[in-house]
Amino acid sequence: MAGAVPTTAFGQAVIGPPGSGKTTYCLGMSEFLRALGRRVAVVNLDPANEGLPYECAVDVGELVGLGDVMDALRLGPNGGLLYCMEYLEANLDWLRAKLDPLRGHYFLFDCPGQVELCTHHGALRSIFCQMAKWDLRLTAVHLVDSHYCTDPAKFISVLCTSLATMLHVELPHVNLLSKMDLIEHYGKLAFNLDYYTEVLDLSYLLDHLASDPFFRHYRQLNEKLVQLIEDYSLVSFIPLNIQDKESIQRVLQAVDKANGYCFGVQEERSLEAMMSAAVGADFHFSSTLGIQEKYLAPSDQSVEQEAMQL
């Protein structure tokens with residue numbers, strides 16, 4: 001807007017695979033933020049989203065519809081969605097016109113679930129880069145299903161996807177293990193929860209995989225993947241149950257520190273809280289232990305006994 005003094009805005013770009021809980025996260029987080037007194041604007045960037053459960057301030061469906069694209073260009077769902085993102089990238093003036101009147105709000109961007117948009121396709125990254133030029137400070141909140149932790153092979157795959165996303169999106173990044181209340185729905189964890197959230201020594205995971213005759217043939221490949229993940233040493237996770245207020249608060253603290261919101265003047269902040277964020281004095285072990293006791297069934301064996309079995 002000509003003549004207007006630009007003001008810094010903050011927000012979250014909610015990304016992740018299909019079904020990881022992005023839309024539910026936007027609903028729960030928006031309600032939590034409003035309870036804190038923040039003005040929230042939820043922006044739907046997923047043209048495949050229908051029947052949105054939250055109040056949508058901006059909907060990309062007004063610009064381009066996935067069904068129309070699929071019919072007109074004879075594309076499948078994935079190709080159609082990629083085209084929609086490229087169309088939005090080419091029409092960012094429409095998005096800016098929608099966002100400018102919402103200055104002063106905290107933004108939640110509900111993004112599409114196609115993994116390739118966050119790992120190697122350039123449209124979504126280009127959109128985020130342009131938002132940064134509009135003085136919109138975003139944190140990428142990447143959700144993955146927590147039950148993948150129960151399968152070592154899937155967990156390594158999740159680590160690779162998370163690392164690729166962090167490197168490609170180029171935003172401050174927070175990885176979440178969503179649906180913590182269902183974490184052992186498909187099996188038991190081989191290790192304590194902090195092993196997965198902090199991504200500790202992955203060689204133990206390789207030993208666990210070696211017990212499977214199928215993956216034994218791919219040990220060298222798995223070793224190289226694990227080595228790549230550990231060489232970057234970037235990936236870690238915060239457990240999330242969107243129905244638990246304490247869990248949402250832990251996530252919000254990490255996000256606010258990542259995008260710089262906690263250093264602003266929008267809300268009252270104590271010097272102690274600001275210094276804690278500045279030096280990174282976050283000790284997650286006790287909170288992770290509490291989450292483990294809350295959602296995971298206790299093991300009958302000691303850690304030493306489990307290690308001996310491996």
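The values are calculated or read from the model by the stated rules, or taken from the named source; none is laboratory data. Being a predicted model, the structure only gives us computed values, none of them experimental. Ideal geometry is used to build each Cβ from the backbone, glycine not excepted, and the neighbour counts take in all protein chains shown. Just so you know, the surface numbers come from the protein's heavy atoms only, side chains and all, with ligands and any DNA or RNA stripped out. Shrake-Rupley method; radii C 1.70, N 1.55, O 1.52, S 1.80 Å.
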(message) Could you tell me the center-to-center distance, by alpha carbons, between the stretch 37-78 and the stretch 207-227 in angstrom?
(response) 40
(request) Would you mind calculating the gained length between R38 and H120 on full extension (0.36 nm times residue separation, minus the Cα-Cα distance), in nm to one decimal? (result) 26.1 nm
(request) Please report, as a whole percent, how much of the solvent-accessible surface of the stretch 127-170 comes from carbon and sulfur atoms (probe radius 1.4 Å). (result) 48
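With the radius of gyration and the Kirkwood radius both derived from the Cα set of the stretch 1-75, what is their ratio Rg to Rh? Please report the intermediate quantities before stating the final value.
Values: Rg = 15.3 Å, Rh = 14.6 Å.
My calculation puts Rg/Rh at 1.05.
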(request) Calculate the dipole size of the stretch 98-138 relative to its Cα centre from +1 charges on Lys and Arg beta carbons and -1 charges on Asp and Glu beta carbons; express the result in debye to the nearest 20. (result) 140
(message) Treating only the Cβ of Lys, Arg, Asp and Glu as charged (+1, +1, -1, -1), what charge dipole size does the stretch 112-250 show about its Cα centre? Round to the nearest 20 debye.
(response) 360
(request) Provide, for q = 0.16 Å⁻¹, the log10 of I(q)/I(0) from a solvent-free Debye sum over equal Cα point scatterers in the stretch 1-129. (result) -0.82
(message) Give me the extension gain from D201 to L92: residue separation times 0.36 nm, minus the current Cα-Cα distance, reported in nm with one decimal.
(response) 34.9 nm
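At 0.36 nm per residue, minus the direct Cα-Cα distance, what do A132 and L63 gain on full extension? Give it in nm, one decimal, please. Intermediate results must be reported in sequence, preceding the final value.
Values: separation 69, 0.36 × 69 = 24.84 nm, distance 2.14 nm.
Separation in residues times 0.36 nm, less the Cα-Cα distance, equals 22.7 nm.
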(message) So the label point goes 7 Å from the Cα of K245 along Cα→C-beta, right? Which residues of the stretch 21-53 then have their backbone N under 20 Å from it?
(response) 25-40
(request) In whole Hz, with x marking every Gly and Pro, tabulate ³J(HN,Hα) for the stretch 31-41 from phi via Karplus 6.51 cos²θ - 1.76 cosθ + 1.60, θ = phi - 60°. (result) 5, 5, 5, 5, 5, 7, x, 8, 7, 10, 10
(request) Extending each Cα 7 Å along its Cβ direction at E31 and L75, get the distance between those two points in nm, one decimal. (result) 3.4
(message) I'd like to know which of M180, V169, V199 lies farthest towards the positive end of the charge dipole of the stretch 161-201, counting +1 on Cβ of Lys and Arg and -1 on Cβ of Asp and Glu.
(response) M180
(request) Would you mind checking K188/K257; K22/K188; K188/K245; K154/K257; K98/K154 for any pair whose Cα atoms are more than 28 angstrom apart? (result) K188/K257; K154/K257; K98/K154
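Add +1 for every Lys or Arg and -1 for every Asp or Glu among the other residues with Cβ under 10 Å from the Cβ of N49, and state the total.
Working: positive: K22; negative: D46, E50, D59, D110.
Every neighbour counted, the sum reads -3.
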(message) I'd like the Karplus ³J(HN,Hα) series for the stretch 146-154: coefficients 6.51, -1.76, 1.60, θ = phi - 60°, whole numbers in Hz, and an x wherever there's a Gly or Pro.
(response) 5, 5, 5, 5, 6, 10, x, 5, 5
(message) Could you compute how much accessible surface L200 exposes when probed at 1.4 Å, giving the result in Å² to the nearest 10?
(response) 80
